[in-house]
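**Student:** I have a structure here, written as structure tokens, and I will follow up with some questions on it.
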Amino acid sequence: MTARLAKYAKVFTIGIQNTFVYRWAFVLRSVVGIVPLIGTLFLWQGVFGSGGGTVAGYTFSAMILYFAMTVLMENLVTPTDDEWQIAGEIRDGRLSFLLLKPMNYLAYRFSLYASYRLLYSAILAPGIVIVFFALREHIILPSNPSTWLAFAGSTILAALLQFFIAYTIAMLAFWILEISTIIFITYSFEYFLSGRIFPLDMLPPWLSGVVKWAPFSYELYFPVQIFMERVKGAALAEGLAIQAGWVVVMWLAAVTLWRRGVKKYQAVGG
């Protein structure tokens, strides 16, 4: 077991080293990651106006906290080009080299994903701290320790869910030469239904009931709702169960497609 962990720890280290090869592009991407939040502040300031009040149960401060946490969560857990990289390895035949190694490909890719997210979060952390300090009058931290535990658990599940979705989509490259259309369609659903544009409880009740059972709302929206303590008790337990269920479903889909795809895999040339 120790030898296996050491093997993937080495992959994790290599992932960090590879990221630093393109360090300037990496730093620029990290800085630009905060920019959408600035535009969101001006947008919702215009929506609320000078009169204050609430919109769908959100005060201006609550809305700012929601989008600040959404940006933070997005930078913590959202994969960056993982599906493109995996699909490229399958399409270009580079997967052959990895198949010859005594290594689980899913664990290998997850180690690279974790290394990038950890480094990206570390680089972005000073900027996030500055932004949160600037917005300190709108930032209300959870007072209950159990909320922090639930938020941490939901964040881990959100990271696993996003990774498995990206990995599963990439597995389609075993059957489809170009999966860019599928990636863009999935991203469109994710962008709308994960709560990046607005809180999902602003949707009509009938649509909210449908979205509740979809995986996308558990990528960003649900963990942020936990942090804001807008989900408690039975609703919290139910949400965590659904989120964990989707993680298992997407993991099973990823493993199944990998096993079937490898049987079809062919590398021609050299």
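**Student:** Which residues, counting only those in segment 121-138, are part of a helix (DSSP H, G or I) and over 19 Å from LEU76 (Cα atoms)?
**Tutor:** Matches in segment 121-138: ALA134 only.
**Student:** Which residue pairs have Cβ atoms closer than 7 Å, lie 6 or more positions apart in sequence or on different chains, and pair a first residue in segment 247-264 that is under 14 Å from TYR167 (Cβ atoms) with a second residue that is of a type in the set (Ser, Thr, Tyr) and assigned to a helix (DSSP H, G or I)?
**Tutor:** Taking only residues 6 or more apart or on different chains, the pairs are MET250/THR168; ALA253/THR168; ALA254/TYR167; ALA254/THR168; LEU257/THR168; TRP258/TYR105.
**Student:** Turning to a different aspect of this structure: Starting from residues that are touching a residue at least 24 places away in the same chain (Cβ under 8 Å) and aromatic (Phe, Trp, Tyr), keep the ones in segment 34-68 and report whichever is nearest to ILE179 (Cα to Cα).
**Tutor:** Filtering segment 34-68 for residues that are touching a residue at least 24 places away in the same chain (Cβ under 8 Å) and aromatic (Phe, Trp, Tyr), the one nearest to ILE179 (Cα to Cα) comes out as PHE67.
**Student:** Go through TYR113, TYR108 for me and flag whichever is modelled with pLDDT of 80 or more, in a helix (DSSP H, G or I) and buried (at least 20 other Cβ atoms within 10 Å of the Cβ). First the steps, then the outcome.
**Tutor:** On the way: TYR108 fails: buried (at least 20 other Cβ atoms within 10 Å of the Cβ).
None of the other options fit; the residue is TYR113.
Residues checked against (1) on the phi > 0 side of the Ramachandran plot; (2) aliphatic (A, V, I, L, M); (3) over 15 Å from the mean Cα position of the chain (by Cα):
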site	(1), (2), (3)
PHE198	no, no, yes
PRO204	no, no, yes
PHE216	no, no, no
TYR221	no, no, no
ILE226	no, yes, yes
ALA237	no, yes, yes
LEU240	no, yes, yes
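**Student:** Would you be able to tell me the number of residues in segment 169-213 that are surrounded by 13 or more Cβ atoms within 10 Å (Cβ to Cβ), of a type in the set (Gly, Ala, Ser) and under 20 Å from GLN85 (Cβ atoms)?
**Tutor:** So the count comes out to 2.
Table: residues versus (1) over 18 Å from GLY15 (Cβ atoms); (2) free of Cβ contacts under 8 Å to residues at least 24 places away in the same chain.
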{"residue": "THR70", "(1), (2)": "yes, no"}
{"residue": "PRO79", "(1), (2)": "no, no"}
{"residue": "TRP84", "(1), (2)": "no, no"}
{"residue": "GLU89", "(1), (2)": "no, yes"}
{"residue": "LEU99", "(1), (2)": "yes, no"}
{"residue": "TYR105", "(1), (2)": "no, no"}
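**Student:** When both residues are 6+ apart or on different chains and their Cβ atoms are under 7 Å apart, which pairs have a first residue that lies in segment 200-218 and is closer than 15 Å to GLY239 by Cβ, and a second that is outside any helix (DSSP H, G or I) and modelled with pLDDT of 85 or more?
**Tutor:** These pairs meet every condition: VAL211/LEU203; PHE216/SER194; SER217/SER194; SER217/GLY195.
The values are calculated or read from the model by the stated rules, or taken from the named source; none is laboratory data. Here the structure is a predicted model, which means the values were calculated and not measured. Note: ideal-geometry Cβ built from the backbone for every residue, glycine included; neighbour counts use all protein chains shown.
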